Amino acid sequence: MREVDSETMKIVVCVKQVPDSWAEKTLGADNTLDRGSVDAVMNELDEYAVEEALRLQEAHGGEVIVLSMGPSQTTDTIRKALSMGADSGVHVIDDGLHGSDAVATSLALAKAIEGRGADLVIFGSESTDARMSVVPAMVAERLGLPQLTFSSSVSVEGSTVRTNRVTEYGYDVVEASLPALVSVVEKINEPRYPSFKGIMAAKKKKVETVDLAGLGVSADQVGLAGSWSAVEEAAARPPKAKGTIVTDDGAGGTAIADFLSAQKFI
Amino acid sequence: MRFAFTDDQLLLRDTVREFLANECQPEQVRYTWVADSGHLPEVWSGLADMGVLGLTVPEAHGGLGMDELDLVLLLEETGRVALPSPVVETTAVAAPLLAAVAPAEHRERWLTGIATGECIVGVGFVGTPFVLAAHLADLVILERDDRVFAVAGDKLTLERQRSVDGSRWLFDVDWRQADEIPLVEGPEGWHEVNLAFDRGALGTAAQLLGLADRMLEMTVEYAKQREQFGVPIGSFQAVKHQIADALLALSFARPAVYNAAYAMRHGLDTHSRDVSMAKCLASEAALTVGRTALQCHGAIGYTTEYDLHLWMKRAWALAASWGDAAWHRDRVSLAVLGPRP
């Protein structure tokens, strides 16, 4: 167990750049997402993760490092987190990472977090493009950290982190000793907008870039070739079928009742 | 001369655009028609936190010490969402004027208040008889005869006036002479008053661009979606040519507004003429776009429940504020051709 000194508490927030949620997404020739064709934004849930990290820093002091893996335009997402108030950034970038699945991604992220002396690692609970919700758990497993996922509130006291873990019936109060890994849901807070001063200050903040060699990960452990899962084929969603139109000739009510009963609503 | 906004200016604009798109929705603007405020306090404090309201406040007073060129794109965004709150009056007009002429004992409190969002300022210059949002103002700056002075909001007697745009709460104001805090008296310092007026006209022109841009966007969306005779109405020449003409008017007005901001920022001799050209073209463009939008929307454009209504009436109100197109065209004529014989 580690006693957290408020002066040195170190929080690593993992953020992902994703295509704008409302944009039409397409797949490239290798069945990976075509990132060039759509506007890229910070994964919405990760904004909550950054906000929570900043709130913990405001309450306890320490340092917030934002970590992201992705191609070169990912710097925009890292800058956004820095303009919200994070202290520095780490950008994991390597062509060999292209097409990594969740398992491979978790390896790269874990290697990037390892050795930074993080007391707390914070994730958004899922990304809006992949929607797997597994990366936080995988990273925790690889780092040997306790995982407190789907948190709707987080508090740190001494060397203990306590969260409300959202469940189907409400929430569980769970706690773990630091260092630990937390993933947050959107109920947790209201992310701030970057201020002009924050935007200007962000330009001077340090962003470290790390490639596969720097992580000590070999090319066959990540990327399309190193992934355990691969997309074999994809098809466009079929267009919505037209609904049935019943013209009421006095038996409209019966038609509705028949429909509802066929669907087992009544 | 090659003129382009800096990456920073564009980044600040995008940040404000994202904030306003999320936080200043049409239903909120609609609400200010009936709610007892004509103001969106959460949006106001969000703009203060970002640094928008204090953009022109000197850094010594908690602002960013930036200028007309930095502000013009942001005001355009406030127009795009039809923000009803008095941001032109407070940030574009009052902050630089007060920084220049406010008495030392009030300066800190007023300017810091503008930057934090706590001090809302109303402005009533000659030619603008009614004061926007005077009921919310902590301070109202008034021009009468050859003097400009401030009066604390709680010393005013207010009488609400009807506005064509229900989200603009306008007031006739009265006060006791004893409550006047002098800012400028006589010809000395009047230069600052003229600059303040030009900043008001420029800021309003920028808002008109944003309003017009949004109305045009609504119209294009509608013309692509609404079908008649089995095809979208936008495919008819009679519709698309009108929309193209509206875009043309807006595209001619926009550079004039940016040019005026440049002239103000650099104190060019031509700044008043440039501001007048900008306000004239922006007013006419917004009215043209509004009329086109209304016609292309057909009957639905006339309903108060449809968003276009809110934007168009704001455009009407702003086109007539801080000098209408004819008044500014006269000022351009005077600057270029000299007095009429």
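Listed by position, the helices (runs of 4 or more DSSP H) inside region B:245-341 whose residues that are among the small types (Gly, Ala, Ser) and free of Cβ contacts under 8 Å to residues at least 60 places away in the same chain number at least 2 are B:325-337.
Set side by side, the residues B:Leu248, B:Leu216 differ, and just one is out of contact with any Gly (no Cβ under 8 Å at 6 or more places or on another chain), at pLDDT 95 or above and surrounded by fewer than 17 Cβ atoms within 10 Å (Cβ to Cβ), which is B:Leu248. Of all residues in region B:159-187, those that are assigned to a loop (DSSP other than H, G, I, E, B) have Cβ atoms under 6 Å from Cβ atoms of residues that are open to solvent by 30 Å² or more (accessible area, probe 1.4 Å), 6 or more apart or on another chain, in B:Val164/B:Lys313; B:Val164/B:Trp316; B:Asp165/B:Lys313; B:Gly166/B:Trp33; B:Ser167/B:Trp33; B:Trp175/B:Lys155; B:Gly186/B:Asp146. Of all residues in region A:211-266, those that are part of a loop (DSSP other than H, G, I, E, B), touching a residue at least 12 places away in the same chain (Cβ under 8 Å) and not β-branched (Val, Ile, Thr) total 9. On the stretch given as region A:112-147, residues that are out of contact with any helix residue (DSSP H, G or I) (no Cβ under 9 Å at 6 or more places or on another chain) and either of a type in the set (Phe, Trp, Tyr) or part of a strand (DSSP E or B) (or both) total 0.
Inside region B:188-199, residues that are without any contact (Cβ under 8 Å) to a residue 60 or more places away in the chain and closer than 20 Å to B:Ala263 by Cα make up a count of 2. Return the residues of region A:55-92 that are open to solvent by 30 Å² or more (accessible area, probe 1.4 Å), part of a helix (DSSP H, G or I) and within 13 Å of A:Val41 (Cα to Cα); say none if nothing qualifies. Listed by number, the residues that qualify are A:Thr75, A:Asp76, A:Arg79, A:Lys80. Can you spot a residue in region B:295-315 that is surrounded by 20 or more Cβ atoms within 10 Å (Cβ to Cβ), modelled with pLDDT of 95 or more and closer than 29 Å to B:Leu195 by Cβ? Yes, region B:295-315 contains at least one residue that is surrounded by 20 or more Cβ atoms within 10 Å (Cβ to Cβ), modelled with pLDDT of 95 or more and closer than 29 Å to B:Leu195 by Cβ.
Out of A:Ala104, A:Ala202, A:Ala140, report the one residue that is among the small types (Gly, Ala, Ser), within 14 Å of another protein chain (Cβ to nearest Cβ) and open to solvent by less than 20 Å² (accessible area, probe 1.4 Å). Going through A:Ala104, A:Ala202, A:Ala140 in turn, just one is among the small types (Gly, Ala, Ser), within 14 Å of another protein chain (Cβ to nearest Cβ) and open to solvent by less than 20 Å² (accessible area, probe 1.4 Å): A:Ala202.
Only residues that are within 18 Å of the chain's Cα centre (by Cα) and within 14 Å of another protein chain (Cβ to nearest Cβ): list them for region B:20-39, please. Hits for region B:20-39 are B:Leu20, B:Ala21, B:Cys24. Filtering B:Glu68, B:Glu42, B:Glu89 for residues that are within 14 Å of chain A (Cβ to nearest Cβ) and open to solvent by 10 Å² or more (accessible area, probe 1.4 Å) leaves a single hit, B:Glu42. When restricted to residues that are open to solvent by 10 Å² or more (accessible area, probe 1.4 Å) and within 20 Å of the chain's Cα centre (by Cα), region B:52-61 contains 1. Under the condition of being touching a residue at least 24 places away in the same chain (Cβ under 8 Å) and either within 11 Å of another protein chain (Cβ to nearest Cβ) or open to solvent by less than 60 Å² (accessible area, probe 1.4 Å) (or both), the residues counted in region B:1-13 number 5.
In this entry, B:Val16 passes the filter for residues that are surrounded by 24 or more Cβ atoms within 10 Å (Cβ to Cβ), within 13 Å of chain A (Cβ to nearest Cβ) and touching a residue at least 24 places away in the same chain (Cβ under 8 Å).
The values are calculated or read from the model by the stated rules, or taken from the named source; none is laboratory data. Since the structure is predicted, the reported quantities are computational estimates derived from the model, not experimental observations. So basically every Cβ, Gly included, is an ideal-geometry build from the backbone, and we count neighbours across all protein chains shown. Surface areas here come from the heavy atoms of the whole protein model, side chains and all, with no ligands, DNA or RNA. Shrake-Rupley method; radii C 1.70, N 1.55, O 1.52, S 1.80 Å.
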